[in-house]
Amino acid sequence: MFMLLNIEIQSYIRWRMNFMTDYVDYVNPYIGAIGHLLTATAPTVMLPHSMAQVSPVFTPGVTDRYLADRIFGFPAGAVTIMPFCGGRESGQVASSFDHDFETATPYYYSVLLEDYGIITEYSVTAHAIYYRFTFPRSSNSRILVKGLKSGDLEVTNSKIIRGHGELKGVKHYVYMEFSRTFTNKSTYPNSDGEGTDLVVDYKTEDNECIELKIGLSYIDVDQAYQNLMNEIQDWNFEHVKNSAKETWNKALSSIEVKGGTQKQLAIFYTSLYRVMTRMVNVTEYGGYYSNYDKKVHDSEGHDFYVNDGLWDTYRCMHPLQLIIDSKRQMDMIRSYLHIYDNTGYLPTFPDLDEDHHAMIGNHGAAFITDTYIKGYDDFDVEKAYEAMRKNALECTKLPWGKGPLTELDKIYMEKGFFPALRKGEQETVKKVHPFERRQAVSVTLEHSYDDWCIAQMARILGKEQDYEYFSKSSRNYRNLYDERIGFMAPKDADGRWVEDFDPKFGGGLGGRDYTTECNSWVYTFHVQHDVEGLIDLMGGKEKFSERLDSLFNEQYNGSKYWFLAQFPDSTGLIGQYPQGNEPSFHIPYLYNYAGQPWKTQRIVRQIMDVWYGDGPLGICGDEDGGAMSSWYVFSAMGFYPVCPGKPVYDIGSPIFEEIKIRVDGDKVFTIKAVNASNKNKYIQSAELNGQPLDTPWFAHKDIVAGGTLVLYMGERPNKAWGVLEK
């Protein structure tokens, strides 16, 4: 009897393991759907990087999407779809819903619209959306097609609607086909006062399904029709759903992990899902529309991507995507260069409609340099260098600014720092954003790094004069290190330190007079490209390590409430360290440079354990389309790119026993963390491809060649491992 029971248990375990090779089943799109202070995530259904994306339109004004009480529809490009029953007395149609009667996955969504007793389901292909509505018995079953501003929707026949709507100056085309002929149609003024809504009517029996397929396009309505015909020809919802699931499983299998808890697996694969939602591929079967020159282009075998935010994504999201799919990353760079051709500058936050010039820095230089220096060059390298250089020398560095150099930029180029206002001094430069301010310390530090990136490209391309120039400006961070207080600090235009500077609370809301969303406790460590130089400024490794210790322990001079009221982006706090904001991401790994890698191993485990969860509160800051999730993916695997532009990775402490990374779907790089557990977080020794590894880093070439990194883990630190000089 015992033997039979044991066989049954083993059989169940094997079945469960086989089932859970569906990596997408670990994903919970509602992780992070309640913001700790600011932006929450959305349960988006899409394919990796796909143009078709759907997430419910929740109660307007409720930013914590998981806590919304009603659903107002389901967007599809130019329109929003909402099924309902009964009359439409007022402009809005909405329904209450319950998460216990909802299914949210990357490939499929289902919810009961409680007010009407309608089950709504949808899945997607690359350029089309498939809805399925299960109605109750009703003589007034209806589907609202809510149009966009400046829209034009045409009812071709009693099953077809086609047309477009305009959003942010871009036309979104749709071709809609219903599974059943509707009995009537009505038009209403759009509830927003812009455009026209359509309502189509049905008489339904109980549990009767009406399906709707929508092709999307940015080119024209005929292309929307063609996209639909290419991807969803038949009325087979389950086929589309299963195909989307297979697509996600294949994408997520690019990184396979073993070990860990169910919670850790959920966080990991949800994070990987988020990484694959940005940038967005808007190529449509060999062509794409670009709003940057208002033309349709032949893609010539290279896809066109939009929707990025380099201030966030250069740090670890693009480096992670590069490992998984280098061709896609090179196409993204090509997309950046298309925008450069049509605008005269390298974009910072390119979207479908325009580059929004958000945040600070010339981080296109980091993105391009990191890709190129790791061995990938299927793009116009000379043009890319030209664009990086032009941004550095001819475009303003003002936060959220664009255009030519200002007098502030000229001071940066002449004196090696971006000037700050003295306390009480009024702004006189009209181009300074009234809310974003100058952020003078952060601008200097981030452009020092970007200039270092340009110098690396100049060196490789044999541009010696440029190499010397940008190497020198990459050391500009030194100009703002105030030895008197041991922090990066602001200077005025005359080169004098701003008096009474407070590295914790100085700078107003978000520190924006001097820093970007974080304070100088954080930004003092924003020297990824020359950590050794920063260590020297601080007086050596021991003092540098002590400063890091202080960062993770320094408190708030009172209530944390007042601190977060001034720095609302600085969530996920451990002392002054904010995991909820991107400038902090590389800092836990800096102990590796101070000869104390065991402290990196300890703190990255703590961050993952404390500030990442598997529920709606599971992301401690703004997700920013995969930026915060990519930190978790890297750290859970046990390594991190401290300095994009250097083809090396710093070792942390993996939480899984084994990680297999499929590089471009070809080579496999394996990390084995022997005896890894919650307590066994410290590396005792390591081997790379069978040879002892005594340094807390390894090279990108080790990953792309395939091979195995073995980390032997234990409960207590081995303070003799990983202390060799870099």
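Things worth noting here:
- Of all residues in region 455-498, those being under 19 Å from Glu414 (Cα atoms) and among the basic types (Lys, Arg) number 5.
- Considering (1) on the phi > 0 side of the Ramachandran plot; (2) modelled with pLDDT of 95 or more, the lone condition that Cys643 does not fulfil carries the number (1).
- Of the residues making up region 63-74, one or more are farther than 20 Å from Ile210 by Cβ, hydrophobic (A, V, I, L, M, F, W, C) and part of a helix (DSSP H, G or I).
- Boolean, Asp622 is surrounded by fewer than 22 Cβ atoms within 10 Å (Cβ to Cβ) and closer than 30 Å to Gln53 by Cα: no
Conditions (1) buried (at least 19 other Cβ atoms within 10 Å of the Cβ); (2) within 23 Å of Pro404 (Cα to Cα), marked per residue:
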{"residue": "Met332", "(1), (2)": "yes, no"}
{"residue": "Asp341", "(1), (2)": "no, yes"}
{"residue": "Leu346", "(1), (2)": "yes, yes"}
{"residue": "Leu352", "(1), (2)": "yes, no"}
{"residue": "Asp355", "(1), (2)": "yes, yes"}
{"residue": "Gly361", "(1), (2)": "yes, yes"}
{"residue": "Thr369", "(1), (2)": "yes, no"}
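- A count restricted to region 100-152 and to residues that are surrounded by fewer than 19 Cβ atoms within 10 Å (Cβ to Cβ), without any contact (Cβ under 8 Å) to a residue 40 or more places away in the chain, farther than 25 Å from Tyr288 by Cβ and of a type outside the set (Gly, Ala, Ser) stands at 8.
- Residue match in region 334-343 (condition: at pLDDT 95 or above, within 19 Å of the chain's Cα centre (by Cα) and either over 26 Å from Arg475 (Cβ atoms) or not β-branched (Val, Ile, Thr) (or both)): yes
- Residue ID - surrounded by the fewest Cβ atoms within 10 Å (Cβ to Cβ), chosen from residues in region 490-538 that are in contact with a Pro (Cβ under 7 Å, 6 or more places away or on another chain) and of a type in the set (A, V, I, L, M): Ala493
- Region 1-39 - residue that is within 34 Å of the chain's Cα centre (by Cα), of a type in the set (A, V, I, L, M) and modelled with pLDDT under 95 and, of those, farthest from Glu623 (Cα to Cα): Met17
- Residues within region 58-77 that are under 30 Å from Lys250 (Cβ atoms) and crowded, with 20+ Cβ neighbours inside 10 Å, tallied: 5
- Complete set of residues in region 693-708 that are closer than 20 Å to Val723 by Cα and in a strand (DSSP E or B): Trp697, Phe698, Ala699
- Test: Trp521 is in contact with a Ser or Thr (Cβ under 9 Å, 6 or more places away or on another chain) and either without any contact (Cβ under 8 Å) to a residue 40 or more places away in the chain or aromatic (Phe, Trp, Tyr) (or both): yes
Matching residues to (1) of a type in the set (D, E, K, R); (2) touching a Cys at 6+ places or on another chain (Cβ under 9 Å); (3) closer than 30 Å to Leu320 by Cβ:
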site: Thr183; (1), (2), (3): no, no, no
site: Thr196; (1), (2), (3): no, no, no
site: Asp206; (1), (2), (3): yes, no, no
site: Ala224; (1), (2), (3): no, no, no
site: Met229; (1), (2), (3): no, no, no
site: Ser243; (1), (2), (3): no, no, yes
site: Leu252; (1), (2), (3): no, no, yes
site: Glu256; (1), (2), (3): yes, no, yes
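- Of all residues in region 259-283, those that are assigned to a helix (DSSP H, G or I) have Cβ atoms under 6 Å from Cβ atoms of residues that are surrounded by fewer than 20 Cβ atoms within 10 Å (Cβ to Cβ) and not hydroxyl-bearing (Ser, Thr, Tyr), 6 or more apart or on another chain, in Lys263/Asp614; Ala266/Asp614; Ile267/Asp614.
- Glu532 being closer than 21 Å to Pro597 by Cα and of a type outside the set (Phe, Trp, Tyr): yes
- Total residues in region 91-141, condition of a type in the set (Phe, Trp, Tyr) and assigned to a loop (DSSP other than H, G, I, E, B): 3
- Of all residues in region 637-692 being assigned to a strand (DSSP E or B) and among the polar types (S, T, N, Q), the one that is farthest from Gly260 (Cα to Cα): Gln691
- Of all residue pairs spaced 6 or more apart or on separate chains, those with beta-carbon atoms under 9 Å, a first member in region 567-594 that is closer than 16 Å to Met628 by Cβ and a second member that is crowded, with 24+ Cβ neighbours inside 10 Å and among the basic types (Lys, Arg) are Glu582/Arg315; Pro583/Arg315; Phe585/Arg315; His586/Arg315.
- Filtering region 408-429 to residues that are among the acidic types (Asp, Glu) and either touching a Ser or Thr at 6+ places or on another chain (Cβ under 9 Å) or buried (at least 17 other Cβ atoms within 10 Å of the Cβ) (or both) leaves only Asp409.
- Selection of region 574-610 for residues being surrounded by 22 or more Cβ atoms within 10 Å (Cβ to Cβ) and not in a helix (DSSP H, G or I) yields Gln576, Tyr577, Pro578, Gln579, Gly580, Asn581, Phe585, His586, Gln596.
- Gly507 vs. criteria in contact with an Asp or Glu (Cβ under 7 Å, 6 or more places away or on another chain), over 27 Å from Gly595 (Cβ atoms) and in a loop (DSSP other than H, G, I, E, B): yes
- Residue in region 185-204 that is surrounded by fewer than 19 Cβ atoms within 10 Å (Cβ to Cβ), modelled with pLDDT of 95 or more and not charged (D, E, K, R) present: no
The values are calculated or read from the model by the stated rules, or taken from the named source; none is laboratory data. As the structure is a computational prediction, the values presented were derived from the model and not from experiment. Reconstructed Cβ throughout: ideal geometry from the backbone, glycine too, with neighbour counts over all protein chains shown.
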